[in-house]
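This report concerns only the one structure given below.
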Amino acid sequence: MSVPATAPPRAAAPKRPTPQRQSTSSRSRWRNRGWVLFFLLPSAVPLVVFTLAPMVNSLWVSLHDWNLVSPMTWVGLDNYADLLTSSDTWRVLGNTLFYILGYLPLVYVGGLGLAMLLNRALKGRTFFRAAYFLPVITSWVVVALVWQWLLNPSNGLVNQLIQPVLDGLNGLFGTDMTAPGWWTDPQWAMPSVILASAWKDLGFVMVILLAGLQAIPGDVLEAARVDGAGAWKRFWHITFPLLSPSTFFVLVISLINGFQVFDQVYVMTGGGPSGASQVVVGQIYDLTFRYGRAGDASALSWILFVLILIVTALQMRGQRRWVNHA
């Protein structure tokens, strides 16, 4: 006699939350959001007042003709059109790009060399790390004045060291080489600023890359050494690829800072001689306070903002191809 099979028990349907529970959960979420906003206020208020509000105001000013005294006159996009067709705009943009192309390789290669050197078990390396980082926290005015003195064409320390060497070469080859005029020479003004900038920022790049080097597993490098890989192969095929996240961070920050270079130019050269070292931010400053063209200055600042935004976006997109996050 067969026993009829019984149907399996049906799973109980999930209980729907009652309206009272829904209202309690909603009130809890809003309470949590309120606390989050409360704790964000100390940083959000200064951000809105001192960053976002001035940005919106500068966008409004860029659409007007204004000399900081008289009432503003609406001109629409005329300021942007005038700037984009002005030779001065392209000249200062070219100077800024020249600064970046000279500064970025110098500060990265120098910072990487220091990081690799101070990553070794050297005696007194803590002191040297602090010493190389000290210029980073030093005022730009102080650094620029020191380098202005070092690169003084007549009695600067650098030319006092270079000129005897050049005199010896002149006597040997019959040439007539003289030490550079540095910040007083249109051809050497921007290289002078680049040297000062790279010296000051070497410590920052060194610290970032040193942290990246210390994050590389030692057993990977040791395995490569045991397999017969030399120092150069270990660096090129292991260290450098694994250092790519730190390299990417340094490139992004350095490019943004490079486009906004101003302090060292203002103190060392004032944009001269003959505008040879004038940069975009220096031009914004002069348009505002020297020529009374606040509308043009605001428009140029927004052009610079868009340029930095595009370059950064391209970097963020391109980093997928070469940055190794493993």
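Globularity index of the range 64-149 is 1.84 (Cα radius of gyration / 2.2 N^0.38 Å, N = number of residues). Around the amide H of D65, modelled in the peptide plane, lie the amide H atoms of T73, W74, V75, all under 5 Å away and 5 or more residues distant in sequence or on another chain.
For the chain, what is the Kirkwood estimate of the hydrodynamic radius, computed as the reciprocal of the mean inverse distance between distinct Cα atoms, to one decimal in Å?
Numbers: mean 1/r = 0.0400 Å⁻¹.
It is 25.0 Å.
Judged by the ratio a/c of the largest to the smallest principal axis of the C-alpha gyration tensor, the range 123-179 counts as oblate, that ratio being 1.5 or greater while a/b is no larger than b/c. Model label points for L101 and W60, set 7 angstrom from Cα along the Cα-to-Cβ axis, are 4.1 nm apart.
When the chain is treated as a Gaussian network with alpha carbon springs shorter than 10 Å, the biggest mean-square fluctuation among V146, V252, V165 belongs to V165. Spatially, the range 32-70 and the range 247-326 are offset by 21 Å when compared through their Cα centroids. Seen against the Cα atoms of the chain and their longest principal axis, helix 87-118 is set at about 80 degrees. Projecting the Cα atoms of G230, V165, W182 onto the dipole axis of the range 165-238, where Lys and Arg carry +1 and Asp and Glu carry -1 at the beta carbon, places G230 farthest toward the positive end. Say R0 is 51 Å: what FRET efficiency, to the nearest 0.05, do I308 and F173 get from their beta-carbon distance? So, using R0 = 51 Å, E works out to roughly 0.65. Placing pseudo-labels 7 Å out from each Cα toward the beta carbon at Q160 and D227 gives an inter-label distance of 5.4 nm. Backbone geometry of the range 159-175 corresponds, through the Karplus equation with coefficients 6.51, -1.76 and 1.60 at θ = phi - 60°, to 3J(HN,Hα) couplings of 5, 5, 7, 7, 4, x, 5, 5, 4, x, 5, 5, x, 7, 10, x, 8 Hz, x marking Gly and Pro. For V220 and A53, the difference between the fully extended length at 0.36 nm per residue and the C-alpha to C-alpha distance is 55.1 nm. Three semi-axes describe the equivalent ellipsoid of the range 169-224; taken as square roots of 5 times the Cα gyration tensor eigenvalues and ordered largest first, they are 42, 20, 6 Å. Here the extension length gained between S244 and M316 equals 24.6 nm, from 0.36 nm per residue of separation less the Cα-Cα distance.
No value in this document is a laboratory result; all are computed from the given coordinates. Note that the coordinates shown come from a computational prediction; the quantities given were computed from them, not determined experimentally. Neighbour counts are summed over all protein chains in view; Cβ atoms, including those assigned to glycine, are modelled from backbone coordinates with ideal geometry.
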